Structures are given as structure tokens and as C-alpha cells.
Number of protein chains: 2
Amino acid sequence: MPDVISTDPRSGQGLAIGVPETAAAEVDRLCGAALAAAPDLEALGRVGRAALLRSLADALDDERADVVAVADRETALGAPRLDGELTRTCFQLRLFADVLDEGSYLEAAIDHAVDTPMGPRPDLRRMLLPIGPVAVFGASNFPLAFSVPGGDTASALAAGCPVVVKAHGSHPATSQLCFDVLSEAVRAAGAPDSSLAIVHGLQAGADLVAHPAVRAVGFTGSVNGARALLDIIEDRADPIPFFGELSSLNPVVVTPLAARERAEEIGSGLVGSFTLGAGQFCTKPGLVFVPAGADGDAVVRRMAETVRDTPVQVLLNEGIAASYGRITRELIGRADVDVVAHGGEPTGTGFEAVPTLLATSAADLTSGLTEECFGPVSVVVRYDGEADLFRALALMPSSLTATVLRGEGEDALPLEVSRRLRGRAGRLVYDSYPTGVAVSWAQHHGGPWPSTNSQHTSVGATAVRRFLRPVTWQGAPEAVLPEELADDYRGIPRRVDGVLRAAGA
Amino acid sequence: MPDVISTDPRSGQGLAIGVPETAAAEVDRLCGAALAAAPDLEALGRVGRAALLRSLADALDDERADVVAVADRETALGAPRLDGELTRTCFQLRLFADVLDEGSYLEAAIDHAVDTPMGPRPDLRRMLLPIGPVAVFGASNFPLAFSVPGGDTASALAAGCPVVVKAHGSHPATSQLCFDVLSEAVRAAGAPDSSLAIVHGLQAGADLVAHPAVRAVGFTGSVNGARALLDIIEDRADPIPFFGELSSLNPVVVTPLAARERAEEIGSGLVGSFTLGAGQFCTKPGLVFVPAGADGDAVVRRMAETVRDTPVQVLLNEGIAASYGRITRELIGRADVDVVAHGGEPTGTGFEAVPTLLATSAADLTSGLTEECFGPVSVVVRYDGEADLFRALALMPSSLTATVLRGEGEDALPLEVSRRLRGRAGRLVYDSYPTGVAVSWAQHHGGPWPSTNSQHTSVGATAVRRFLRPVTWQGAPEAVLPEELADDYRGIPRRVDGVLRAAGA
């Protein structure tokens, strides 16, 4: 197999990382080993896996300097951002350890035998079990938090599922380094060696999704990539769940009152959000609704100034840079689109992108303007009154987020906008920008298609639910039950005869 | 469009029900109306929808005599069974009303703003919302409990989702009658008229799944039917969740100790289970592992006697009867299969099936014998020792259920069998037969493929989860939040800052 190449986006120079792309036979071996490891990983129990996740976080923390340096060379995202991303990555590993300790994620329920209008009902006990080996596809834009040591891996391991990661071609060296660090920690924690594996190369990714041992797929990437993997899944003898987090437009509505009260702050904030990470966030605000008139003009003026002050940025890889160039050229060439501002001039080296602010009017809005473009570009849509705004909002595709920037104490218009966008968004953001996705119990990162995480999330405590499936035991002797379903177990919240009970109760 | 024909399976005679198959334009109109009704159905709130569900149950109870009579004429399932099925149908409508009252199905969670190692975290509030209009495909074998007034409809309406049911061709008159009864109750309860709609005809079903307004599909039927609908979903601009409950083999293991202790009871019980409803249960035990030797012989002898005493049965429709005839002939023609017993002789009228018991040895077991055959046939597999049994169990496909019939106090072998089948079943049954599926909080009816309900269930309280999707509000003013997410709301269990709290606390 050919060597895996790591490319420096600042220079465009490639470097072999000393690892070959993964051959089909090796993918098969790794998947078989993952399947064989599953019972032992599950047998570690919640306590054992919580300890494992904390060890993984500690191990990454210990290699922080190396990991950040390698990731910066491969992604050009900058050391401060990558340092923060590693902190987040370790935080979420530890959060899933907390989720295991708390235990309600198991949805344990006991219905004791009882007589009903349909006759005697047997004793039934339900709990979630690990779904089996999970294929995780690393994301280009988060080499840590959504890649080898990322949220999919953390939540799958928490659930008790061995993980085989497909390393993203944008950061194979970072992926391999993280894998080596985590693998050693897995062994040191006494978990099965094959709890975690890595593969490199596009074909290896396809082989992984087709492999009978793989029971679910976690994917962050493009719609086209996802469609190709879904085709492979459809062709399986046993189609499996696919949890994809694909593109997202992330509309933002600036209300007239907000524009009047804080045009400067909003203008700067929006540009900060859409150029963060060189605009390579799935939650980047791609379309910003700004009122027509002087207050809206002030918002756009401030956005333009901020864009002009933003230096040229470096994108993750050649494909993203080419796509950014093509899409922005197409947008700029449209009669219904004006160029408001460009950022700093390119130097001619590496995968550069010039930050760009475009504008159109709500009346002109068409579906050609509602497609995501990865990179530092956003389109301002000027609207003339609420009817004009609502007509344009009706054209919005589903997104991970929808944002309203309000005036102080303003409720009526935000409520109306929320009502219209709620069915097409996974997260509704108020008076903030959508690019931050906090890791917590109540977070949701998903939405209707183009998320296939429509009913589950890839960020936050409930992400573990993707890699679990329910099983009910009927009339079971205690010897065959998981300990959490024994009558006298009190370690986790459970539903007993329909009533939720806290741990200990 | 051609008239819809209702066929009496006892005579094979057809009768127009006075309703045409649903044309494409009408499917479009109904789906559009369902989408338009969704906000009002949701706005009824949990209290309003609980009242609606109870009214639907009351209305069905009031029309019990008519519903049972029409269903019996169309399905030949017999009045006692259909009377019981209607009781179950009403029970589950009322259970989902209880689920709404209890409210924890919303998974409400509040994370107050806090400082973290990654900086300040905003206020985040998560709750499940209705996914939108749901297409429900009625099942041939449960004209009530899995059809127009069935569990999919009940759980979707509970979630707040309008429902468009595709009536099954085996019982269109029952479907239309139930629809008329429910529709009137919907209006009387003050819910939107278009909360429930019905379509007839195969093409109408396909049109429904392709319709942009439909947001999820609940399906009970064949693997081939499901694959065809999944192809339609894959071709949508926005693929949607498909919850399919397809075929199932449902292996049963009789341990040597159980065979020794209670051969007679087990022999009769197994035949009762596989001939119940003329063997047209998705949980029918299709493969029964019985030990070699005298104790196992006694089980098989009793099974044979019971089968011989079972009269010829009437299947639901011509297609099922033809398929039953073909598959049993193929099985009987195999060199590795013996015919143990046949039931009563056919009369030559209607869609008859002769109950049939076949046998093979575990050593001969191949995948040709592990496919479901709808109807009153089961295959006994004689095993010679545990190694022989375990080798055969490894060939089992995934099923809705896996059953162990144990000796008194026996744990070791049942545990080992459970361990081997747990990954391939949704429900593990002990010392009972798999054909009863109680409706309760802890029930699970699903499993890995050929269930696509691999992570959710079509029976029991948690079935509502299929028709909900999470949304998170970030930094939201109270005016835009659902009442259940307000700080001072106490009506349902919620997770606040990571800690589960009971209602009122």
C-alpha cells in the first residue's frame, strides 16, 4: 500500500508519516479483533470504563505539547486554538466518565409481574447495551475533538463499544500520534488492546463501513462523502445505523431592534464567528439576515471593516481551498450578489483563502445561495420588514443551528423567528454566535437532514445513546441479568413499575 | 382509481369497500394538511394530547362489536383474538396518555450558565420535540394493535406528530372503519382534523414515503417491502428515519434439564405458540432447539401429538398462503429435514394452511433453515451436547426474541445461551413463549437488522422516542422556551445541571 502523506497547509509540502494506507486484509483483521474485544470491554463495567476514559484524558494531557505541535503543522489552525481543542477533548472524555458514574444513560427499567386487562404480564426488565464495534470517521476541521480522541470515540468507548477510527487525510500524523498515546493508555488501564484501532486511506474507510463486524458509524464530513457511505450501508446484508453530521448553513437573524442598539458589537461578532478557524466550523454562520435601512447599514459597515482587517487565512487542505475558490467565484459572479469586502491579500503560498463578505436582498434569495461553503465567507441578506424576512426564512434548509440576535428584552419577533426555524434546526441560539458548541448534559448537535443525527447528537452527554441498543429480559433469573437490573441494586436512577427513582432510592 | 377490495380469507371472496385507492394528488393533499396541522397538534400540549388519546380509546371501545366483526371477516383471526387485540389497542392508547402525563419522555435538561476550563458556558436547555408528520404502515397480522389505531399511531400522536396511515390490503375495511371512528373522536376532542389521515393502495404507500412533508416512517412488514421503501428514502433530497419491524426467526432453546422435567408442558406450549394466530406472529418461534435423547424425544412426541390435534388454519391473504405453501414444500423436500407431524386436512376453501412440524439436526443446520416462514410451521433442531448447540446458535440471524426454557433453578446453561444470543435479539425470554408482547414501560420490541428498530422499539412506552428529536435552546429568553424548560416548572422529571430530579423537586 502507498505511504500516508501528511501535508503542511501553510506550504503545501507533503511528508510521509511512515505508515502505509491500510490494506483490506488489515481492515478485516482489525474489525475482527474489535468484535472479539467487545465482551471484555463491556465486562469492564461502568466503573472500569470510567477509569479508562479518565486515563485516556490524562495520557493526552501528558503529551499536550507534542500533540498541539503536530496538529498545528498539519492543519494550520494555530497553537492556541489547538491547545483549547485538546482541553475540550480531555474535558469530554472525562464528561463521559461522569455519564458512566451517573448511570441513567442505561435507561434501566423494571416492570414487576402484574395482572392486566390483557391477562398476567410477566416480569420485564429493560436496559441499553453496547451496540458493538463502531467505525468513527475523523473530521478534517477538528483534528482532536472530532477525530481519533474525539467525541465519537469517547462516547462509543463509554457505551462499551470498541472503536475503529478512519483517520482523516488532513491530519494523519496527528491521528496516528493520538492513536499511539491512547493505545498505550488503553493497555495500561487493563482494557482490551483492540478497544481502539486506526485505519488510513479512503478505501480502508469504505471497507470499514462494509465490514460485518461494524455495528454503527459515526461520521463528520461532507454530504457527498456521507451519501457514498450510505450507499455502502444499503448494500450490506444488514444495514446499520449511520450517525452523520454533514453540512450546515446556520442562518442568523439580526432583528431591527438589535441592529439599532448594538450594530458595532454585532458586526464584529459575526465576522469573528464566520472567520473562526478560517470559517471551517460546521456551525459557521453562512447567511446573516440584516434589516434594510440605516441601522442595518451600520451592522454591515462594521462587518466590512472587520473583514478588511482580517488577514488571509490558511485552509485545511487543497480540496477545501479549491472548493472555496470555486464557490466564492461563483457567488461573486452572480448578478444578485454584491461583494461587500475582502480580507488580506494572498501571499501565493499554501492553501490560502481570502475572507469575503457578500450581500444580497431577501427578495433575491434563491436556493443557490443557501448552500454551505466551507471557509471564511458569509452572505448578508438584507430584509425589508417582517414579511420579507419570513418569506426568506421559509427557504432555509435544515441546519445545526439557527440564531437570533435580539434587542434588549425583545421577545415577539424572536419568538416568531424561532417558531419558523425550530423545525429546521438542532440548536436555537440567542444573543450569541453559533460557532461555540459547549460540551454538557443539555447540548444538542444535530438536526434534520443534512444531519443524520436527527434523533441523536454528536456532542454532549447524550451522544452515548447512538452506540447503545435496548434489550428486554422477560422472566429472567437474576443470574442472567446485568447487575443494574437486579431488584436490590440502587447504584443508578431506574424506572421501577413506571416511576423514575433516583440512585439510592 | 380502482376500488379497494376487502377479501374474506375463509372464502377467498372479494368485496369493494366503497373507497378508491388513493391517487397521488390526494396523498399530496393529505400530507400537506398533516404538515399544516402539526403546530396545532403540538400546541394541544401534553395534557391535551393525553385527553385526545384517551378519547380515541373510548371511541374504539364504544364500537367494539362492529370493529371485531369487520376485522374477523377480513382476517379470519377469530373474534376472541380480535376482541383481545382491541383491548390491547385501547390499553396502549391509554398507556401513551400516561407517558404524556409523566413527562420524562421529553428528556428535559437544563444546564445553567457556568465557567468551565474552556471558558464561560452559556445557559443550555434541551428537550425533545415532535419530528413532524409520520407515515405509518399497517401490518397484515395485527389489524388493530399494529394498524390504524395501533402502537405506531398512538406513539406518534402522543409525540405530537400528525399521522398518515397506509392501510394494509389485508384489512382495508377494518382500517377504514377504525379511521372513521378515530377521526370523529379527533374532531370531538378539539384536535386538528388532519391529525390523522388514511391512504389505500401500494402506490399511495410509496408516494407517502417520498413526500417531503413526511418526517419519519413506522413500518411493520416484510424485508422486501422494507428494502423497497428504504430505496425510496435514499432517493429523497432529505432521507428520513425509517423504523421497520421486519421478519424474525425467534429461536427457542430447550435445555436438557427442562426437557427432562417438563416435556409435556413444553411440547404443548411450543405448538400453542407457533400456531397462535395461524403462526402469523413476528415473534413466532420458528426454530426450536431440543436435546437429542429420550427426554428430547418426549418433547418432540408431545409437539407432534399437539400438531396432529390442531385443525387446518386460515391465513390472512392469498400471498401469505402461497408463500407458506411454497416454503413448507421446499423445506419438506430437503434431504436434511424430516416431517414430524401435520395438522388437520384442508377443506379446499379459502387461504388454508396445514400446521406442520419439521425436524433436523443441529449438525445439519444451514442458513436455508434459518429464514422466517410466516404461518403455522416450526422446525425442531435436535442438538447433541452443548458444543453442538453453541455451534448451531452461532448461525442464528438476529431476531426480535430469543427464548430459553430452563430446568428448575438452572442458571449455567441459560446464562451461556443468553450470552451467545444477546447480541442478536431484542428480548430474551425465560420459561415462557415469545408470542406475547406485553405493552409496558420496560418492553422492547426490536433488535439488530432485520429490525431497523435496532435502537428504538415499536412496542412499549419508549416507542414514542422514535417520533421525537432533540432541540437545544442556548441563552434563550423564557418567552421562547417550552413551558417544561422554564426555571420554575416542576411538572415533570428533569435533569438540572446534570442531576435527575423528580417531578415536584
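Take region A:1-51 and flag every residue that is acidic (Asp, Glu) and closer than 29 Å to A:LEU316 by Cα. Result: A:ASP3, A:ASP8, A:GLU21, A:GLU26. In this entry, B:VAL471 is excluded by the filter for residues that are in contact (Cβ under 8 Å) with a residue 60 or more places away in the chain and more than 8 Å from chain A (Cβ to nearest Cβ). For region A:441-450, the criterion of being surrounded by fewer than 24 Cβ atoms within 10 Å (Cβ to Cβ) and more than 18 Å from A:LEU246 (Cβ to Cβ) is met by at least one residue. Just to be sure, is A:GLU63 in contact (Cβ under 8 Å) with a residue 60 or more places away in the chain, in contact with a strand residue (DSSP E or B) (Cβ under 7 Å, 6 or more places away or on another chain) and surrounded by fewer than 22 Cβ atoms within 10 Å (Cβ to Cβ)? No: the conditions fail for A:GLU63. For region B:78-105, the set of residues classified as surrounded by 24 or more Cβ atoms within 10 Å (Cβ to Cβ) and away from every other protein chain (no Cβ under 14 Å) is empty. Within the bounds of region B:478-488, is there any residue that is closer than 30 Å to A:ASP238 by Cβ and either modelled with pLDDT under 95 or facing chain A (nearest Cβ under 8 Å) (or both)? Scanning region B:478-488 turns up no residue that is closer than 30 Å to A:ASP238 by Cβ and either modelled with pLDDT under 95 or facing chain A (nearest Cβ under 8 Å) (or both).
For region B:335-357, the set of residues classified as hydrophobic (A, V, I, L, M, F, W, C) and in contact with an Asp or Glu (Cβ under 7 Å, 6 or more places away or on another chain) consists of B:PHE351 only. If you filter region A:328-347 down to residues that are of a type in the set (Asp, Glu) and touching a strand residue (DSSP E or B) at 6+ places or on another chain (Cβ under 6 Å), you find that the one that is farthest from A:GLY368 (Cα to Cα) is A:ASP338. For region B:490-502, a residue qualifies if it is surrounded by fewer than 16 Cβ atoms within 10 Å (Cβ to Cβ) and either of a type in the set (Phe, Trp, Tyr) or at the interface with chain A (Cβ under 9 Å from one of its Cβ atoms) (or both), and the qualifying residues are B:ASP497, B:VAL499. Within region A:238-246, the presence of at least one residue that is over 22 Å from the mean Cα position of the chain (by Cα) and farther than 19 Å from A:HIS444 by Cβ is confirmed. Scanning region B:123-145 for residues that are away from every other protein chain (no Cβ under 13 Å) and farther than 16 Å from B:LEU196 by Cβ turns up B:ALA139, B:SER140, B:ASN141, B:PHE142, B:PRO143.
Every residue, every condition in (1) within 27 Å of the chain's Cα centre (by Cα); (2) small (Gly, Ala, Ser), yes or no:
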position	(1), (2)
B:MET1	no, no
B:ARG10	yes, no
B:GLY18	no, yes
B:GLU26	no, no
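Residues that are within 14 Å of chain A (Cβ to nearest Cβ), assigned to a helix (DSSP H, G or I) and surrounded by fewer than 23 Cβ atoms within 10 Å (Cβ to Cβ) within region B:230-271 comprise B:LEU230, B:ASP231, B:ILE232, B:ILE233, B:GLU234, B:ASP235, B:LEU257, B:GLY269, listed in sequence order. Taking the criterion of being part of a strand (DSSP E or B) and over 28 Å from the mean Cα position of the chain (by Cα), the residues of region A:331-353 that qualify are A:ASP338, A:VAL339, A:VAL340, A:ALA341, A:HIS342. When region A:234-248 is filtered for residues that are at pLDDT 95 or above and hydrophobic (A, V, I, L, M, F, W, C), the ones remaining, listed by number, are A:ILE240, A:PHE242, A:PHE243. Identify, please: which residue in region B:157-211 is charged (D, E, K, R) and under 22 Å from B:ASP8 (Cβ atoms) and is, among those, surrounded by the fewest Cβ atoms within 10 Å (Cβ to Cβ)? Restricting to residues being charged (D, E, K, R) and under 22 Å from B:ASP8 (Cβ atoms), the top hit is B:ASP180. If the condition is being within 12 Å of chain A (Cβ to nearest Cβ) and in a helix (DSSP H, G or I), then region B:216-227 contributes B:VAL223, B:ALA226, B:ARG227.
Scanning region A:211-225 for residues that are more than 25 Å from A:SER195 (Cα to Cα) and in contact with a Leu (Cβ under 6 Å, 6 or more places away or on another chain) returns a single hit, A:VAL223.
Taking A:LEU400 as the residue in question, decide whether it is over 13 Å from A:THR255 (Cβ atoms), at pLDDT 95 or above and touching a Gly at 6+ places or on another chain (Cβ under 9 Å). It is true that A:LEU400 is over 13 Å from A:THR255 (Cβ atoms), at pLDDT 95 or above and touching a Gly at 6+ places or on another chain (Cβ under 9 Å). Contact annotation: residue pairs with Cβ atoms under 8 Å, 6 or more positions apart or on different chains, pairing a residue in region A:35-49 that is under 17 Å from A:SER183 (Cα atoms) and away from chain B (no Cβ under 14 Å) with a partner that is of a type in the set (Gly, Ala, Ser) and not in a loop (DSSP other than H, G, I, E, B), are A:ARG49/A:ALA97; A:ARG49/A:ALA158. Quick one: in region A:428-440, of everything that is within 7 Å of chain B (Cβ to nearest Cβ) and out of contact with any Lys or Arg (no Cβ under 9 Å at 6 or more places or on another chain), which residue is surrounded by the most Cβ atoms within 10 Å (Cβ to Cβ)? Among those residues, the one meeting the criterion is A:VAL429. Give me a count of the residues in region A:449-460 that are at the interface with another protein chain (Cβ under 7 Å from one of its Cβ atoms) and either in contact with a Lys or Arg (Cβ under 6 Å, 6 or more places away or on another chain) or among the charged types (D, E, K, R) (or both). The qualifying residues number 2. Only a single criterion out of (1) surrounded by fewer than 23 Cβ atoms within 10 Å (Cβ to Cβ); (2) among the small types (Gly, Ala, Ser); (3) more than 7 Å from chain A (Cβ to nearest Cβ) is not satisfied by B:ALA463, namely (1). Here the condition is being of a type in the set (A, V, I, L, M) and crowded, with 20+ Cβ neighbours inside 10 Å; of B:VAL417, B:VAL340, it holds for B:VAL417 alone. Against the list (1) within 14 Å of chain B (Cβ to nearest Cβ); (2) at positive phi, the condition A:GLY190 fails is (1). Give region A:113-122 a look and list any residue that's within 9 Å of chain B (Cβ to nearest Cβ) and either modelled with pLDDT of 95 or more or within 12 Å of the chain's Cα centre (by Cα) (or both), or say none. Result: A:VAL114, A:ARG121, A:PRO122. Set side by side, the residues B:PHE374, B:PHE390 differ, and just one is out of contact with any His (no Cβ under 7 Å at 6 or more places or on another chain), farther than 23 Å from B:ARG308 by Cα and in contact (Cβ under 8 Å) with a residue 24 or more places away in the chain, which is B:PHE390.
The values are calculated or read from the model by the stated rules, or taken from the named source; none is laboratory data. Since we're looking at a predicted model, the values are computed, not measured. Neighbour counts are summed over all protein chains in view; Cβ atoms, including those assigned to glycine, are modelled from backbone coordinates with ideal geometry.
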